[in-house]
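Since the structure comes first, as structure tokens, the remarks are kept for the end.
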Amino acid sequence: MMRKTKKIKSQSSTSVRNPSKYLFKFDDCESMDGKTFHDLKQSAHKFYYEETKPADLVNEVYVWMKNNAYSSSNISDAKKDKKNNINPIIGVLCKLMRSGCPDYNEKENEYWQSLKGTNGNIKPIRDYIIPAVQSAIDNGKLIKDEIKEDTPSNVISIQDRMFEQVEPLVSKFDNIIDQFISSKRFDLKSFEPYKDIISYEPAIKLAHSTIISKYFINMLDELKAAINGECDQLVEAYSYMNKSKQKNFVLLLEKIIDACSVNKQHKKSTRKVRKPKEVSKEKLVSKVKYKERDIDLQIASVNPIELLDSSEIWIYNTKYKKIIQYIADPLIKTMSIKGTTIIGFDTVNSKQKTLRKPEEQLKEFAGLSKAKLKKFMDIIKTKDSEPNGRINQECIILKVIK
């Protein structure tokens, strides 16, 4: 959002009864030399920018559009633009045109070229206005297409509501900026925006800090673009400040933005961690695929819910004839399920072996006590390997020990 910076009123404004509605006269431009015309145009530009409200300057653009045969639909679309293509600076140019200022003056361009340190040519005023207006129309059309027909027109967005909550603080910072602009001596060191933020009621939350900083970041970006000569309009808009004043203005804005960053960091570090919602046991094991029973081997699975909070799990893979023993990690002490995989098992002590005679060996397994189960893997003579924890439709859940 491009903000119209409040500036010191020019001396000529004191003699104007209603500055916001005053229009400069450009009747005798043809007889003027380049310097005289340039000075008049600059004076008008500065006067309009300082003495006209931002909303009135923006409205000047819509007046210019109407006078230049833009349709009511185009004007309506331009008003919906949220990317700030139509801003007070474009409004100043439109007001210049309404005052009778020529779109282009070759004598002014010749004078401009004669000055030291200038580069490029002076462009016609329309070359700034028309692209901005067209971008506003295009963006407005996109926004219009995205709005649903049944959306109530009086609904306030969350961002707007949050900005309303901190608007008094933003206004306070704006007033300080106005004091800085109008004062020849401003004590920058005594300005402590962080104290204002932490003392504000209701408390400035993390999202509020983001909104405030974004407001002043946009202003800082404009100022830096003017200092670096990236935009002729901005260079002209901030030309009333000398280089030293502009640099101090940067420091002032950075103080506000840095204060917001510190508050955001504090809010992040002190934010309460949400307690995770407890998931039911049924949902935890809902994706487990297992074999309920094997008729040939005369074995059946226990309910997979039993796998949760277990210290030992025995699985038999009917396809590969492997019996698997999972032992809980000694640090975690219990195992659980994530998707279709057992988690929390000890990768060193858990093992799997192939059964050469599964019918006999599983029958023997079924009759073993908890104490004798510990030696069952030692009886099997096949080579052991490390299990991967996955359970599939070929697996029988033989036994679970809590």
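The values are calculated or read from the model by the stated rules, or taken from the named source; none is laboratory data. Model, not experiment: these values are computed from the prediction. No Cβ is skipped: glycine too gets one built from the backbone with ideal geometry, and neighbour counts run over all protein chains shown.
Name the single residue, out of those in region 336-348 being of a type outside the set (A, V, I, L, M) and not in a loop (DSSP other than H, G, I, E, B), that is surrounded by the most Cβ atoms within 10 Å (Cβ to Cβ).
My answer is F345.
Looking at the structure I just gave you, is K351 among the basic types (K, R) and loosely packed, with under 15 Cβ neighbours inside 10 Å?
For K351, the condition - among the basic types (K, R) and loosely packed, with under 15 Cβ neighbours inside 10 Å - is not met.
Residues that are crowded, with 18+ Cβ neighbours inside 10 Å and among the basic types (K, R): does region 121-133 have at least one?
No, region 121-133 contains no residue that is crowded, with 18+ Cβ neighbours inside 10 Å and among the basic types (K, R).
Any idea which of I337, I295 is out of contact with any helix residue (DSSP H, G or I) (no Cβ under 8 Å at 6 or more places or on another chain) and among the aliphatic types (A, V, I, L, M)?
Answer to the check: I295.
In this structure, is S244 in contact with a Cys (Cβ under 6 Å, 6 or more places away or on another chain) and part of a helix (DSSP H, G or I)?
In short, no.
What number of residues in region 76-110 are hydrophobic (A, V, I, L, M, F, W, C) and within 25 Å of the chain's Cα centre (by Cα)?
Residues in region 76-110 being hydrophobic (A, V, I, L, M, F, W, C) and within 25 Å of the chain's Cα centre (by Cα): 2 in total.
Scan region 298-314 for residues that are among the hydrophobic types (A, V, I, L, M, F, W, C) and in a loop (DSSP other than H, G, I, E, B) and jot them down.
Within region 298-314, V302, L308 qualify.
Which condition breaks for I295 when tested against (1) in contact (Cβ under 8 Å) with a residue 12 or more places away in the chain; (2) under 30 Å from K372 (Cα atoms)?
(1)
Step by step: first the residues of region 252-270, then only those that are out of contact with any Pro (no Cβ under 6 Å at 6 or more places or on another chain) and basic (K, R), then the one that is surrounded by the fewest Cβ atoms within 10 Å (Cβ to Cβ). Which residue is that?
Selected residue: K268.
Does E254 fit the bill of being under 22 Å from Y48 (Cα atoms) and not assigned by TED's automatic domain parsing to the domain that holds H45?
Here the answer is no, as E254 does not meet what is asked.
Quick one: which of L362, L398 is touching a residue at least 40 places away in the same chain (Cβ under 8 Å), of a type in the set (A, V, I, L, M) and assigned to a helix (DSSP H, G or I)?
Within the list L362, L398, the selection yields L362.
Of everything in region 271-323, what is within 16 Å of F365 (Cβ to Cβ), surrounded by 14 or more Cβ atoms within 10 Å (Cβ to Cβ) and of a type in the set (A, V, I, L, M, F, W, C)? Give them in sequence order.
L297, I299, V302, I313, W314, I315, I323
Just to be sure, is E230 part of a loop (DSSP other than H, G, I, E, B) and within 29 Å of the chain's Cα centre (by Cα)?
Yes: the conditions hold for E230.
If you go through region 328-335 one residue at a time, do you hit one that is buried (at least 19 other Cβ atoms within 10 Å of the Cβ) and within 25 Å of I380 (Cβ to Cβ)?
yes
Assess whether G100 counts as being exposed (fewer than 13 other Cβ atoms within 10 Å of the Cβ), out of contact with any Pro (no Cβ under 9 Å at 6 or more places or on another chain) and modelled with pLDDT of 90 or more.
yes
Within region 156-170, does at least one residue satisfy the condition of being among the hydroxyl-bearing types (S, T, Y), exposed (fewer than 12 other Cβ atoms within 10 Å of the Cβ), modelled with pLDDT under 90 and more than 15 Å from K82 (Cβ to Cβ)?
Checked against the condition, which is being among the hydroxyl-bearing types (S, T, Y), exposed (fewer than 12 other Cβ atoms within 10 Å of the Cβ), modelled with pLDDT under 90 and more than 15 Å from K82 (Cβ to Cβ), region 156-170 yields no hits at all.
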